[in-house]
Amino acid sequence: MELCSECGKRPILNKKGRLCKVCYTKQRLENLPDYGLCIYCRRRPVTHIRRQLCAACYNLIRKKGLNDPLPAKSPEYVHHNCEIEFIKNFFAHPNWQYQPATFRLNGTTYNPDFYDGERNVFIEVSGSRQAYHANKPKYDTFKSLFPKVPFEIRKTDGSLLNESDRIDWQAA
């Protein structure tokens, strides 16, 4: 049995680097960019970037079925950079929610990106022309199945997308 080349105490886990589990994890964390401390325990470095959690807290939350510690209005909770840019450009009030509802569309589901409580409207953010055209059938199905639900498709800068005009997109 080979021992770790770093500490020389434990059996190796990573044959390529000849490291034990502890030294391998330590080396991996050192090579990660600094994402700060876990928002749950405030002690260990973040390893699950999207949730801003360390590995131990992430596993604890998943195992025990606890609520996600990030509030839905937190920019860290948002999945895509174009959505974060939209929040900065569009919302001047705190009365909005990120992915507030799930709608069933003929065997699949759809979550609009935002709900604007001030105007009582669901908003979908389309970051690029390709993303818009790839999801256009989904938007059309949503509009046909839920005609009374107010719905808008907007660009990242917050401007309303006029579907009948030629769409001019700015390079992100």
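Where a number appears in this text, it was derived from the coordinates with a stated rule and is not lab data. This structure is a prediction, so every number in the text was calculated from the model and none was measured. Note: ideal-geometry Cβ built from the backbone for every residue, glycine included; neighbour counts use all protein chains shown.
Observations on the model:
- Placing a pseudo-label 7 Å from each Cα along the Cα-to-Cβ vector at Ile84 and Leu60 gives an inter-label distance of 2.6 nm.
- Stretching Thr102 away from Lys138 to a fully extended chain increases their span by 11.6 nm, per 0.36 nm per residue minus the current alpha-carbon distance.
- Karplus 3J(HN,Hα) series, Hz, for segment 136-146 with 6.51 cos²θ - 1.76 cosθ + 1.60 (x for Gly, Pro): 4, x, 5, 5, 5, 5, 4, 5, 6, 7, 10
- FRET efficiency estimate (nearest 0.05) - Cβ-Cβ, Lys148 to His93, R0 30 angstrom: 0.80
- Average silhouette area of segment 75-154, convex hull of alpha-carbon atoms, in square nanometres: 5.3
- Theoretical gain in end-to-end length, Thr25 to Arg42 [0.36 nm per residue, Cα-Cα removed]: 4.2 nm
- Annotation: amide H-H contacts under 5 Å for Trp96 (H modelled 1.01 Å from N, sequence separation of 5 or more, or interchain): Gly117.
- Near the amide H of Ile153, within less than 5 Å, lie the amide hydrogens of Glu124, Leu161, all on another chain or at least 5 residues away, with H placed in the peptide plane.
- Unsatisfied cross-links (Cα-Cα over 30 Å) in the set Lys63/Lys155; Lys63/Lys143; Lys88/Lys143; Lys63/Lys136; Lys63/Lys88: Lys63/Lys155; Lys63/Lys143; Lys63/Lys136; Lys63/Lys88
- Estimated inter-spin distance, Ser128 and Lys9, nm [label 7 Å along Cα→Cβ]: 4.8
- Across segment 52-60, computed HN-Hα scalar couplings (Karplus, 6.51 cos²θ - 1.76 cosθ + 1.60, θ = phi - 60°) run 6, 10, 7, 4, 5, 5, 4, 5, 4 Hz from first to last residue, x flagging Gly and Pro.
- Charge sum, other residues only, whose C-beta stays under 11 Å from Val125's C-beta, Lys/Arg counted +1 and Asp/Glu -1: -4
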